[in-house]
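Down below is the structure, laid out as structure tokens.
The values are calculated or read from the model by the stated rules, or taken from the named source; none is laboratory data. The shown structure was predicted, so the numbers you read here are calculated from the model rather than taken from an experiment. Glycine also receives a Cβ, built like all others from the backbone with ideal geometry; neighbour counts cover every protein chain displayed. All accessible areas refer to the heavy atoms of the entire protein, side chains included, with ligands and DNA or RNA removed. Shrake-Rupley method; radii C 1.70, N 1.55, O 1.52, S 1.80 Å.
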Amino acid sequence: MNTDIDRERGILSPADRAYLLGEREMSHEQSKRNAEARIRRRILAATLDFDLLLHALPEKDRKQTFEKTTTDEAFLDGLRAMVAFVYLGTETYGVDFEDVIVPAIRSSEEYLAATDENAAVSVDVTFDVETTVESSLEGIAARLDAGEPITSRELFSVIMEGTYDATQHERITVVRVDPDDGGPSLERLATYLDGELTVVGDSRAVIHFDGAPDP
């Protein structure tokens, strides 16, 4: 999670970011509702803008934007978060994500074939998600309370659920199952939690919250 409040304004203003991160207090309930409504309107407006960007933004500008994926990890994380935000919103509130992603990929592949190869193509897109429950949030919380190690994905799940305060512990031991699996960055998790990360070998790391990591 990117917690840099003072970045250049995007969908969110610096004040919006501060509010969402709990660093800006609202003196009245109406002010809070106004801020949340403003953020919702900006999300809707930005989503509609993507239709214009897709069809009207010059190729050179798209190229310069997405060249960052090879050098800017924060930008790549943002792209993953953008897709995750759409996935959660559609799957949770009434539209299958497949109805969004499949037509988008099909039309994009047809466009690429027409422009890059001067050809018409038939595109078959298969989207399939298989979920296996490995551990409950209650179980993760219990392991944290017992001082047992958890994975970065489990820690991320607890943070996103929002009701368990992981920072109540002096430290959290994280098992690095596969540092290159595309999972949540331990560095970003530690920063979000205001903790200090110590990497212990290739398979374990510790996030400290007492300001005094072990030697």
Worksheet item: Which of the residues spanning the stretch 64-115 are open to solvent by 60 Å² or more (accessible area, probe 1.4 Å), aliphatic (A, V, I, L, M) and closer than 17 Å to Gly10 by Cβ?
Response: Met82, Val83
Discussion item. Need the failing condition index for Thr3 against (1) farther than 19 Å from Met160 by Cα; (2) touching a residue at least 60 places away in the same chain (Cβ under 8 Å); (3) open to solvent by less than 80 Å² (accessible area, probe 1.4 Å), just the number.
Written reply: (1)
Item to complete: State all residues of the stretch 116-132 that are open to solvent by less than 70 Å² (accessible area, probe 1.4 Å) and of a type in the set (Val, Ile, Thr); if no residue qualifies, say none.
Response: Val121, Val123, Val125
Practice prompt. Scan the stretch 12-42 residue by residue and report those that are exposed (fewer than 14 other Cβ atoms within 10 Å of the Cβ) and assigned to a loop (DSSP other than H, G, I, E, B).
Written response: Leu21, Gly22, Glu23, Glu25, Met26, Ser27, His28
Response to the item:
Residue pairs qualifying under the 8 Å Cβ cut-off, at least six apart or on distinct chains, with the first in the stretch 134-155 being touching a residue at least 12 places away in the same chain (Cβ under 8 Å) and the second being among the hydroxyl-bearing types (Ser, Thr, Tyr) and part of a helix (DSSP H, G or I), are Leu137/Ser157; Ile140/Ser157
